[in-house]
Amino acid sequence: MLKRAFLALAIAGAATVPAFAHLDPVEHGSLAAGFSHPLFGLDHILAMVAVGLWAAMQGGRAIWIVPAAFAGTMGLGFVAAIMGMPLPFAEPVILASVIFIGIAIALALPVPTSTVAAAVGFFAFFHGHAHSGELGSAGAWQFAAGFALSTVVLHAVGLAAGFALNRLGGKWLPRAAGAATALGGLWLAMSA
């Protein structure tokens, strides 16, 4: 049973490993450049997979509400950035999102789905705003569609990992994954 848990974690981790460098929107297109962007920041990967994991732990309607809250609010953050709205402390808040969501998963506190959605939505606004910094020569809407798609994929990886870990080890394996996420966020914060 422990072998299966480690296998599930390895598969989930391998699914989020970047397979290519930031793509040039001129050469590869704006959609591809946007899709690749979240895959090159470990902070983005950890946060987005953790959102799916937290949604899986919540179960029920949270399975779609929590990821949708993240993706939708992330889009609003991107639009705000495109419109020139400044947002101080974006990078520290993104790192805090990894730590906060990881701790929330590890503690498995009984929290209403609406509160979980609001929490991930708050952090998602900062993630979306930060994505605008990599826009470069890409078309804004195609770039946004690309990073939204990769976000949904990362949420799906988190959901799948959450369901697998829950099946393999009850509540303690997803909680351990949450703790590992929080530790990863702390490591990123200290190495920044």
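Rule-based calculations on the coordinates, nothing more; no lab input. Everything numeric in this text was worked out from a predicted model, so none of it was measured. Cβ: placed from backbone, ideal geometry, glycine included. Neighbour counts: every protein chain shown.
Please arrange LEU183, LEU95 by how many other C-beta atoms lie within 10 Å of their C-beta, fewest to most.
LEU183, LEU95
What are the ³J(HN,Hα) values, in whole Hz, obtained from phi via the Karplus relation 6.51 cos²θ - 1.76 cosθ + 1.60 with θ = phi - 60°, for each residue of segment 92-98 in sequence order, with x given for Gly and Pro?
Computed from phi, the couplings for segment 92-98 are x, 5, 4, 5, 4, 4, 5 Hz.
Cα-Cα pairs above 28 Å in segment 30-191: how many percent? Display every interim value, and only then the final one.
Numbers: 2088 of 13041 pairs.
Value for segment 30-191: 16 percent of Cα pairs lie more than 28 Å apart.
Determine the gain in length on full extension of the stretch LEU186-LEU87; use 0.36 nm per residue of separation and subtract their C-alpha separation, reporting nm with one decimal. It would help to have the intermediate numbers written out before the result.
Values: separation 99, 0.36 × 99 = 35.64 nm, distance 2.22 nm.
So the extension gain works out to 33.4 nm.
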